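One structure below.
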Amino acid sequence: MNGEGQTPPAESGHGGDVPANASTDERQLEYFIGLLSDDNEGARWKAAESLGRLGDLRAVEPLIDTLWDDDARVRLKAVWALGMLGDPRALHPLQRLYRIERDEAREIIQEAMEMINRTMSGEQE
């Protein structure tokens with residue numbers, strides 16, 4: 001497993017399963033997706049945040065899986081990331097999560113769903 005303090009492969013030159021000729025973005029994507037399953041919740045949280053900022057839709061499915069993480073902070077960062085990505089595949093899982101999360105989390109989930117709906121309708125922030 002990757003540790004929280006490790007440098008992403010794009011910077012360190014280690015790519016794991018990523019081919020040596022992969023782009024920096026590709027290496028970062030694979031690195032952060034891998035961190036979503038790290039034992040350290042801080043690493044998982046940072047990975048979800050980073051994937052939202054990268055903006056690569058290939059992160060949508062791994063982030064959807066992260067909606068069921070044991071740590072509430074990690075779940076909510078995955079919610080935020082999915083909102084940032086704006087992919088409609090996340091709507092149904094977010095709706096499911098909305099029904100079971102505590103009230104404080106529902107506002108964040110609602111905002112993410114609204115961000116996705118705006119993206120789908122072509123509106124800008």
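Taking the criterion of being within 18 Å of ARG58 (Cβ to Cβ) and of a type outside the set (Lys, Arg), would at least one residue in the stretch 95-105 satisfy it? No: the stretch 95-105 contains no residue that is within 18 Å of ARG58 (Cβ to Cβ) and of a type outside the set (Lys, Arg).
Taken together, ALA43, ALA90, ALA81, ALA72 contain a single residue that is over 17 Å from THR119 (Cα atoms) and buried (at least 16 other Cβ atoms within 10 Å of the Cβ), which is ALA43.
Checked against the criteria, ALA43 counts as in contact (Cβ under 8 Å) with a residue 40 or more places away in the chain and among the small types (Gly, Ala, Ser).
The set of residues in the stretch 62-108 that are under 20 Å from SER50 (Cα atoms) and of a type in the set (S, T, N, Q) contains only THR66.
The residue that is nearest to SER121 (Cα to Cα), among those in the stretch 59-105 that are in contact with a helix residue (DSSP H, G or I) (Cβ under 6 Å, 6 or more places away or on another chain) and of a type in the set (D, E, K, R), is ASP87.
Bear in mind these aren't lab numbers, they're just calculated from the coordinates by the rules spelled out. Given the structure is predicted, the values throughout are model-derived calculations rather than measurements. FYI the Cβ positions are ideal-geometry reconstructions off the backbone, even for glycines, and counts take in every protein chain you see.
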